[in-house]
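Worksheet for the structure shown next.
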Amino acid sequence: MSTSTTRPERLTALRAHLLEHSVRRGDFVLKSGRRSNWFIDSKQTVCRPEGMLLVADAVLEVTPADATGIGGLTMGADPVAFVTAGVAASRGRPLKAFSVRKEEKDHGTGGRVAGALDPGDRVVVVEDTVTRGTSMLQAVEAVRAAGAQVVLAVAVVDRGGAAQGLLGGRGVPFRALVGAPDLGFSFDEG
């Protein structure tokens, strides 16, 4: 399991919040087109006040001390990155935040990165829920193209169990705060 080493009581509270607000049981079609008997909308946790603090604290616990930025592919990464950067700033730990667009912008300054990311930054790429890791990989590639270094990838929930292999194969360590088994489900690479 790819669950991180954050404080057990925080993970217990985060797991409980996810189960109460984010996990749905039923018959769902996943992005891949496969069917599943459960669905997780992690934004229902990441965007609620108490969930925001649980997520930010847990992400900060696994964020390397020398990291200078946090972000990832929009929309899944946005609430995680922005709340974590805000909480970090309130504690005297500056982290720049950014979003990676799904497509390159063809006007203004162009590019895929919006927000504060500079060449040489040491970055944590985040995501609310990851199944295979392809969205995180897209963000990693955009961050690298912008001249920054990805030092860690962190997902609030690892639904599929495949991201660690995909990202690790590209030289990026991966951590999940909570894995599907922590929520009572098997990994589903759908």
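The values are calculated or read from the model by the stated rules, or taken from the named source; none is laboratory data. These figures come from a predicted structure and were not determined experimentally. Glycine gets a Cβ as well: all are built from the backbone with ideal geometry, and neighbour counts include every protein chain shown.
When you scan segment 98-120, how many residues do you find that are farther than 13 Å from Ala148 by Cβ and either at pLDDT 95 or above or not polar (S, T, N, Q) (or both)? Spell out how you get there, then give the answer.
Going through segment 98-120, the residues farther than 13 Å from Ala148 by Cβ turn out to be 99, 101-110, 114.
Add one more test, that the residue is either at pLDDT 95 or above or not polar (S, T, N, Q) (or both), and what stays is 99, 101-108, 110, 114.
Total meeting the criteria: 11.
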Original post:
Cβ-Cβ below 9 Å, separation at least six or inter-chain, first residue in segment 159-188 and farther than 20 Å from Val46 by Cα and among the polar types (S, T, N, Q), second at pLDDT 95 or above and surrounded by fewer than 17 Cβ atoms within 10 Å (Cβ to Cβ): which pairs?
Top reply: Gln164/Pro173
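Quick one: is Gln149 more than 17 Å from Leu19 (Cα to Cα) and over 15 Å from the mean Cα position of the chain (by Cα)?
Values: more than 17 Å from Leu19 (Cα to Cα): yes; over 15 Å from the mean Cα position of the chain (by Cα): yes.
Considered against the rule, which asks whether it is more than 17 Å from Leu19 (Cα to Cα) and over 15 Å from the mean Cα position of the chain (by Cα), Gln149 comes out as yes.
Residue-wise test of (1) touching a Leu at 6+ places or on another chain (Cβ under 7 Å); (2) among the aromatic types (Phe, Trp, Tyr).
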{"residue": "Phe39", "(1), (2)": "no, yes"}
{"residue": "Arg48", "(1), (2)": "no, no"}
{"residue": "Leu53", "(1), (2)": "no, no"}
{"residue": "Ala58", "(1), (2)": "yes, no"}
{"residue": "Gly69", "(1), (2)": "yes, no"}
{"residue": "Thr74", "(1), (2)": "no, no"}
{"residue": "Gly86", "(1), (2)": "no, no"}
**OP:** Write out, first by first residue and then by second, each pair whose Cβ atoms fall under 7 Å of each other, whose residues are 6+ apart or on separate chains, and whose first residue, in segment 119-145, is more than 16 Å from Val157 (Cβ to Cβ) while the second is of a type in the set (Val, Ile, Thr) and in a helix (DSSP H, G or I).
**Re:** Val123/Val143
Subject >> Enumeration of residues in segment 24-72 that are of a type outside the set (A, V, I, L, M, F, W, C), at negative phi and out of contact with any strand residue (DSSP E or B) (no Cβ under 8 Å at 6 or more places or on another chain) >> reply: Lys31, Ser32, Arg34, Gln44, Arg48, Pro49, Glu50, Gly51, Asp57, Glu61
**OP:** Determine whether segment 71-90 contains at least one residue that is within 16 Å of Val143 (Cβ to Cβ), in contact with a Phe, Trp or Tyr (Cβ under 8 Å, 6 or more places away or on another chain) and assigned to a strand (DSSP E or B).
**Re:** yes
Subject >> Hits in segment 149-180 - residues which are out of contact with any Leu (no Cβ under 9 Å at 6 or more places or on another chain), under 27 Å from Gly120 (Cβ atoms) and not in a strand (DSSP E or B) >> reply: Gln164, Gly168, Gly169, Gly171
Original post:
Across segment 3-20, what is the number of residues that are in a helix (DSSP H, G or I) and surrounded by 18 or more Cβ atoms within 10 Å (Cβ to Cβ)?
Top reply: 5
Original post:
Somewhere in segment 36-48, is a residue among the hydroxyl-bearing types (Ser, Thr, Tyr) and assigned to a loop (DSSP other than H, G, I, E, B)?
Top reply: yes
Original post:
Could you list, in sequence order, the residues of segment 147-163 that are out of contact with any Lys or Arg (no Cβ under 8 Å at 6 or more places or on another chain) and either modelled with pLDDT under 95 or hydroxyl-bearing (Ser, Thr, Tyr) (or both)?
Top reply: Arg159, Gly161
Original post:
Across segment 69-82, what is the number of residues that are buried (at least 22 other Cβ atoms within 10 Å of the Cβ) and free of Cβ contacts under 8 Å to residues at least 40 places away in the same chain?
Top reply: 1
Subject >> Failed item in (1) surrounded by 14 or more Cβ atoms within 10 Å (Cβ to Cβ); (2) over 13 Å from the mean Cα position of the chain (by Cα), with Glu104 passing the rest >> reply: (1)
